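Colleague: Below you will find the structure I want to go over with you.
Only the coordinates and a few stated rules stand behind these numbers; no lab work does. Predicted model only: the values in this text are computed from it and were never measured. Here the Cβ positions follow ideal geometry from the backbone for every residue, glycine too, while neighbour counts run over all protein chains shown.
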Amino acid sequence: MKRQLGVLGLTLMMLVVLDLAVAGILHLAETRGAVTSLVRFFEYGRSVPGKLDRWIENPGLKDSLFKVAWLPAEMDKSAQRFRDEDAGAGPVLRSYGMSFSGRILNGAKKADPELSFDLHGGPAAPPNLVYEAFLRDQPNRRSGDIAILGLLSSSVSAMSAMSNRTWNFEQPAPLTYPVFHLDDANTVEGGLRAVHPLVESMADELALREDPQAAQDWAAQLEAEDALYVKAAFYWPGLDASPFVRLVRRALAISTIQDRKRELIQNTQDYDYPEVLRRMIGQFARSARADGLIPVVFLIQSRQQGDPDLLAIARPVLDADDIVYFATTEHFDPQDSSGFQPDGHYTRTVDAMFGEALIGTFERAGIRYRK
């Protein structure tokens, strides 16, 4: 027994020594500005608060996502672009989405340089962020413009989240957005009710560092209202000093978040995302038309196995409300891996094909899209 305890103690001591040695190597590499693959590997395992603190304290970091896509700042930028536009130049495609929808529009502009568009959204933006951006950007559109609601299948599982920080552990951009719930009594909002985050801007996020009560309230709201909030991703950030703990945290957080996502897609009793999506699309179209805009919905199917079929979900409201749509599955099979880049985006060739197909969709629908 003594011998076994001795071996166990020696093993633990060696693990501690190894942990301290790796921590020292990582610290030395960081202080010298050597961002190696080893450093990145262990950085992915930092807690979410640890990653945010690192970005705040080192604003020059190339991998920082702290300032990315906060809605108030994005709306300010949109308003400035709107003021700078030539009001008589013709219709503008006002796109609300993510990089996938932007790449399709870039492909369309290559096919027809007279097309003009303005992009809004965020990284891997879930439908609730996209829809909220559309709602907030109302002052920055003109009658005759085309409004595009870009929906990405791989982000649907984040519809019940309030921030990328809860569902994208390795790259937890802190931007926030509301969660939309079914509310049949709310006819003004198309049968939806929004729960808005307590933190809405970068200034709000920074203020949490000086206001413990506000930080506590925000953490409590995330735990109560964000279905993808996982304690393992947030608790005990002081343990980030240990590379071993970072490895364990990364594995535990990612696996738990993925389990939550699968449960949300497979079980709609707690959160009926298909119906929420349909109501978003219907209200988007009604609001756009009321402002003299032409509504168009992008249904972008990624290559991830288990993603919901966006076209199947949306078709009832698209048909009932006669909404023009562009579904990538009608032009390329998402199961064909040759059409995708390693990062999950479609290849430039496929994006160009989508762009040409989009122009064909506009022309068949009689939509004036050129300057």
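Colleague: Give the label of the value calculated from the structure for percent of Cα pairs over 26 Å apart, choosing from (i) 56; (ii) 52; (iii) 60.
Modeller: The calculated read-out lines up with (i).
Colleague: Between the helical axis of 127-136 and the dominant principal axis of the chain, each derived from Cα atoms, what acute angle in degrees is found, rounded to the nearest 10?
Modeller: Once rounded, the angle reads 60 degrees.
Colleague: Reachable lysines from LYS62, Cα under 21 Å, same-chain residues fewer than 8 places away excluded?
Modeller: LYS51
Colleague: While we're looking at this one, here's another question. Looking at the chain as a GNM with Cα springs under 10 Å, which of ASP270, ASP351, ASP322 has the largest mean-square fluctuation?
Modeller: Of ASP270, ASP351, ASP322, the Gaussian network model singles out ASP270 as fluctuating most.
Colleague: Can you give the charge dipole size of the chain about its Cα centre, rounded to the nearest 20 debye, using +1 on the beta carbon of Lys and Arg and -1 on the beta carbon of Asp and Glu? Intermediate values should be presented prior to the final figure.
Modeller: Values: 40 positive and 49 negative charges, 212 e Å.
Magnitude of the dipole: close to 1020 debye.
Colleague: To continue, here is another question. Helix 2-31 against the longest principal axis of the chain: what's the angle in degrees, Cα atoms only, rounded to the nearest 10?
Modeller: The answer is roughly 50 degrees.
Colleague: Around TYR346, which amide H atoms from residues at least 5 apart in sequence, or from another chain, sit under 5 Å from its own amide H, with H modelled in the peptide plane?
Modeller: Those qualifying (amide H under 5 Å, at least 5 residues apart or on another chain) are GLN341.
Colleague: Quick one: Kirkwood hydrodynamic radius for the stretch 191-259, alpha-carbon pairs, angstrom, one decimal?
Modeller: Working: mean 1/r = 0.0717 Å⁻¹.
The answer is 13.9 Å.
Colleague: For the stretch 109-233, max minus min Cα coordinate along each principal axis, in Å, sorted largest first?
Modeller: Sorted largest first, the three principal extents are 51, 38, 28 Å.
Colleague: Separate question: Compute the helix-to-body angle for 310-320: its Cα long axis versus the longest principal axis of the chain, expressed 0 to 90° and rounded to tens.
Modeller: 30
Colleague: Tell me which residues come under 5 Å, amide H to amide H, from GLY90 once H is placed; ignore anything under 5 positions away on its chain.
Modeller: Long-range HN contacts for GLY90: none found.
Colleague: Report, in deg cm²/dmol and to the nearest 500, the calculated mean residue ellipticity at 222 nm for the chain, where each DSSP H run with n ≥ 4 adds -39500 (n - 2.57) and the sum is divided by the residue count. Write out the running numbers ahead of the final one.
Modeller: Numbers: 14 runs with 183 residues, N = 371.
It comes out at -15500 deg cm²/dmol, rounded to the nearest 500.
Colleague: What translational diffusion coefficient, in µm²/s and rounded to a whole number, does the Stokes-Einstein relation yield for the stretch 264-371 at 37 °C and a viscosity of 0.692 mPa s, taking the hydrodynamic radius as the Kirkwood radius over Cα pairs? Write down the numbers at each step before the final one.
Modeller: On the way: Rh = 15.4 Å.
Answer from the Stokes-Einstein relation: 213 µm²/s.
Colleague: For the stretch 128-234, with only Lys/Arg (+1) and Asp/Glu (-1) charged at the beta-carbon, what is the dipole magnitude about the Cα centre, in debye rounded to 20?
Modeller: On the way: 7 positive and 16 negative charges, 62 e Å.
In total the dipole reaches around 300 debye.
Colleague: Another question, if that's okay. Between ALA125, PHE169, GLY144, whose Cα lies farthest towards the positive end of the dipole of the stretch 114-200 when Lys and Arg beta carbons carry +1 and Asp and Glu beta carbons carry -1, centred on the Cα centre?
Modeller: PHE169
Colleague: Have a look at the DSSP beta bridges in the chain and tell me what percent are antiparallel, nearest 5. All intermediate terms of the calculation are to be shown ahead of the outcome.
Modeller: Working: 7 of 27 bridges.
Of the beta bridges lying entirely in the chain, close to 25 percent run antiparallel.
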